[in-house]
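Visitor: Got a structure for you, questions after.
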Amino acid sequence: MTHALFGDWYDHAQYATVFLLGFGLARAETVWDSIERQRWLALALATAVFASFLVLISMGRGIPKVYVGVAYGCYQWFCIVAVLGFARRWLTADSAARRYLTDAIFPYYIVHQTAIIMIAHALHGYDLPAWLEASVVIAGTAASCAVTYEVVRRVNILRPLFGLKMMTSRPALLQARSQAAE
């Protein structure tokens, strides 16, 4: 796994499969109904898998690699189902916050990895405790994404570079700003 654009067939196969699965299931209401119904079970299973992993680590014995791989894969899917199920249950109503965040998704996505790497690199060598370093990276990344989005949404020429439509007129820009403030 190199995450290289060319030659990393494993990552491309893995991420393309997940993308195509999401694309295919996006409008499948019966699947979404099932995900919403199974959200608590998925959360319980994710918690159980994570707890079993912690117990095995605390015992000080080597954990079989096959268990680590299977447990990690199951944990990821259980978390995804739980998050999607709870989101469908509680976050489907339209609101100013939802419209704002919907517009912000792609700019955040574009900025987040660069922010993580730059902040983590800047912290290298300070020997901070893991909890503090993680907190700084998370908070710094969130702040970097938010500031970048706020700048980009106001500078019309930057909008297309971050996946946003250009504002066609000044009143449209003012309307977008007022909707975000609601």
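Visitor: Looking at Met1 and the list (1) surrounded by 13 or more Cβ atoms within 10 Å (Cβ to Cβ); (2) touching a helix residue (DSSP H, G or I) at 6+ places or on another chain (Cβ under 6 Å), which single condition is not satisfied?
Guide: (1)
Visitor: Is it true that some residue in the stretch 30-50 is surrounded by 14 or more Cβ atoms within 10 Å (Cβ to Cβ) and of a type in the set (S, T, N, Q)?
Guide: Checked against the condition, which is being surrounded by 14 or more Cβ atoms within 10 Å (Cβ to Cβ) and of a type in the set (S, T, N, Q), the stretch 30-50 yields at least one hit.
Visitor: On the basis of being outside the structural domain of Gln113 (by TED's automatic domain parsing), closer than 20 Å to Leu91 by Cβ and polar (S, T, N, Q), does Ser34 make the cut?
Guide: So Ser34 fits the description; yes.
Visitor: Kindly indicate which of Val81, Val18 is of a type in the set (Val, Ile, Thr) and surrounded by 15 or more Cβ atoms within 10 Å (Cβ to Cβ). Outline the logic, then answer.
Guide: Values: Val18 fails: surrounded by 15 or more Cβ atoms within 10 Å (Cβ to Cβ).
Result of the check over Val81, Val18: Val81.
Rundown of residues vs (1) over 18 Å from the mean Cα position of the chain (by Cα); (2) over 28 Å from Leu91 (Cβ atoms); (3) surrounded by 14 or more Cβ atoms within 10 Å (Cβ to Cβ), yes/no style:
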| site | (1), (2), (3) |
| --- | --- |
| Ala115 | no, no, yes |
| Ile138 | no, no, no |
| Ser144 | no, no, yes |
| Glu150 | yes, no, no |
| Arg154 | yes, no, no |
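Visitor: Within the stretch 58-77, take every residue that is in a loop (DSSP other than H, G, I, E, B) and exposed (fewer than 12 other Cβ atoms within 10 Å of the Cβ) and give me the one that is nearest to the chain's Cα centre (by Cα).
Guide: Pro64
The values are calculated or read from the model by the stated rules, or taken from the named source; none is laboratory data. All of these numbers come straight from a predicted model, not from anything done at the bench. Quick reminder, even Gly has a Cβ in these numbers, built from the backbone with ideal geometry, and neighbours come from all protein chains shown.
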